[in-house]
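Asks: The structure is given below, and queries will be raised subsequently.
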Amino acid sequence: MRYKVTITETLEMEVEVNAKSRAEAEQKIEVRWHNGEYILDAECFSGVEFCAKERSRDREDYER
């Protein structure tokens, strides 16, 4: 049986911003992130998940 395994790494960075609302705070940081002001790297690593899914059989599998 063959499986496809998806590896999902999570990076996190906490930043502070002055804003009138939560939505405004998130929007300001999103714009700054898109502009390259925040670069998340290996030091921002906070976790990893592995998820395996059975690969659907194709003709090649049946011929073996």
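Asks: For the range 42-47, in order, what is each residue's ³J(HN,Hα) by Karplus, 6.51 cos²θ - 1.76 cosθ + 1.60 with θ = phi - 60°, in whole Hz (x at glycine and Pro)?
Replies: 4, 5, 9, 4, 10, x
Asks: Next question. Near LYS4, which lysines are there with a Cα under 28 Å away, not counting those fewer than 8 places off in the same chain?
Replies: LYS53
Asks: Which lysines, if any, have their Cα less than 17 Å from the Cα of LYS28, not counting same-chain residues under 8 positions apart?
Replies: Straight-distance partners of LYS28: LYS20.
Asks: Evaluate the relative contact order of the chain (contact order divided by residue number), counting alpha-carbon pairs under 8 angstrom at least 6 apart; express in whole percent. Let's see the in-between values first.
Replies: Numbers: 55 pairs, mean separation 36.9, N = 64.
Reported relative contact order: 58 percent.
Asks: Is it possible to state the helix-based mean residue ellipticity at 222 nm for the chain, with each DSSP H run of 4+ residues giving -39500 (n - 2.57), the sum divided by total residues, to the nearest 500 deg cm²/dmol? What is it? Don't skip to the answer; put the middle values down first.
Replies: Details: 2 runs with 17 residues, N = 64.
Result for the chain, helices only: -7500 deg cm²/dmol.
Asks: If you don't mind, another one. Give the Rg (one decimal place) followed by the Dmax (whole number) of the range 3-62, computed from C-alpha coordinates and expressed in Å.
Replies: Here Rg and the maximum Cα pair distance are 19.0, 61 Å.
Asks: Can you run phi through the Karplus equation (6.51, -1.76, 1.60; θ = phi - 60°) for the range 27-40 and list ³J(HN,Hα) in whole Hz, with x for Gly and Pro?
Replies: 3J(HN,Hα) across the range 27-40, in whole Hz: 5, 4, 5, 4, 4, 5, 5, 4, 7, x, 6, 10, 10, 8.
Asks: Oh, and also: What are the residues whose amide H is under 5 Å from the amide H of LEU11, where those residues sit 5 or more places off or on another chain and H is modelled from the backbone?
Replies: Here the answer is SER46, since their amide H atoms fall under 5 Å of that of LEU11.
Asks: State the extension gain, in nm to one decimal, for the chain segment bounded by GLU37 and ALA19, taking 0.36 nm per residue of separation less the distance between their alpha-carbons. Write down the numbers at each step before the final one.
Replies: Details: separation 18, 0.36 × 18 = 6.48 nm, distance 1.76 nm.
Stretched out fully, the GLU37 to ALA19 stretch lengthens by 4.7 nm.
Asks: Residue by residue through the range 16-22, which ³J(HN,Hα) values in whole Hz follow from phi under the Karplus form 6.51 cos²θ - 1.76 cosθ + 1.60 (θ = phi - 60°), with glycine and proline marked x?
Replies: 10, 8, 7, 7, 7, 8, 4
Each reported figure results from applying straightforward, stated rules to the coordinates on display, with no laboratory input. Not measured: the values here are computed from a predicted model.
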